[in-house]
Amino acid sequence: MAVTEVEALVVGGGQAGLAMSEHLSKLGVPHLVLERHRIAERWRSERWDSLVANGPAWHDRFPGMTFSGIDQDGFATKNQIVDYFLAYAKRIAAPIRCGVEVTALAAKADGAGFRAETPNDVIEARNVVIATGPFQRPIIPPVLPADSSIE
């Protein structure tokens with residue numbers, strides 16, 4: 001199985017994953033974003049049709065990029081959110097691979113980073129950001145030591 005090495009791996013191509021990608025790029029950190037389906041998939045297929053953003057467009061946006069085609073005091077629809085995320089990913093040239101699911105993630109045996117497995121390859125990264133799922137319930141993966149001060 002092919003092994004790709006990268007400084008940072010971001011798992012998830014939604015709002016958090018794309019925002020992290022922009023920040024890593026600005027810091028000059030080589031990285032890769034993996035999305036198991038498509039950019040903004042939860043907005044596309046896992047929400048009800050009438051869903052709108054939680055806040056007004058002037059607030060619920062990425063830094064430096066406003067929503068177009070809607071009043072900035074209005075609330076973006078789910079389709080407007082998807083289009084916005086796609087435009088943002090293109091604007092920041094996010095190094096994203098869609099259709100790639102991470103099936104396993106573990107600390108490397110030598111302690112120097114992590115090993116992520118996908119159906120087609122292995123990605124080794126010094127750092128990993130898990131940017132998946134809704135934010136209602138934190139999930140702390142078992143790759144952290146039990147005595148870690150990370151919350």
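The values are calculated or read from the model by the stated rules, or taken from the named source; none is laboratory data. None of the values given here were measured: they were computed from a predicted structure. All Cβ positions, glycine included, derive from the backbone under ideal geometry; neighbour counts span all protein chains shown. To get the accessible areas, we keep the full protein, side chains included, count just its heavy atoms, and leave off ligands, DNA and RNA. Shrake-Rupley method; radii C 1.70, N 1.55, O 1.52, S 1.80 Å.
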*Residue among A19, A57, A116 with the largest mean-square fluctuation in a Gaussian network model of the chain, springs linking Cα atoms under 10 Å*: A57
*Pull up the DSSP beta bridges for the chain and report the antiparallel fraction as a percent, rounded to 5.*
35 percent
*Relative contact order of the chain: what whole-number percent is it, with Cα pairs under 8 angstrom and at least 6 residues apart?*
32 percent
*Angle between the Cα long axis of helix 15-26 and the longest principal axis of the chain, 0 to 90 degrees, nearest 10?*
70 degrees
*Working from Cα positions, state the angle (0 to 90°, nearest 10) between the long axis of helix 78-91 and the longest principal axis of the chain.*
60 degrees
*Which label belongs to the value computed from this structure, given these candidates for Rg and Dmax of the Cα atoms in Å: (i) 16.6, 53; (ii) 20.6, 65; (iii) 21.1, 71?*
(i)
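Mind ranking F75, F114 by accessible surface for me, highest first, 1.4 Å probe?
On the way: F75 105, F114 50 Å².
So the residues, ranked largest to smallest area, are F75, F114.
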*Alpha-carbon centroid distance for the pair the stretch 8-59 / the stretch 90-105, whole angstrom*: 10 Å
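So if we plug the beta-carbon distance of D147 and A16 into 1/(1 + (r/R0)^6) with R0 = 25 Å, what FRET efficiency do we get, rounded to 0.05? Intermediate values should be presented prior to the final figure.
Values: r = 27 Å, r/R0 = 1.06.
It comes out at approximately 0.40.
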*Förster-model FRET efficiency, 25 Å R0, H37 and E117, C-beta, rounded to 0.05*: 0.90
_Modelling each spin label as a point 7 Å along the Cα-to-Cβ direction, I'd like the A2/R47 distance in nm, to one decimal._
3.4 nm
_Suppose each label sits 7 Å from its Cα in the direction of the beta carbon; what would the R97-K26 distance come out to in nanometres?_
2.7 nm
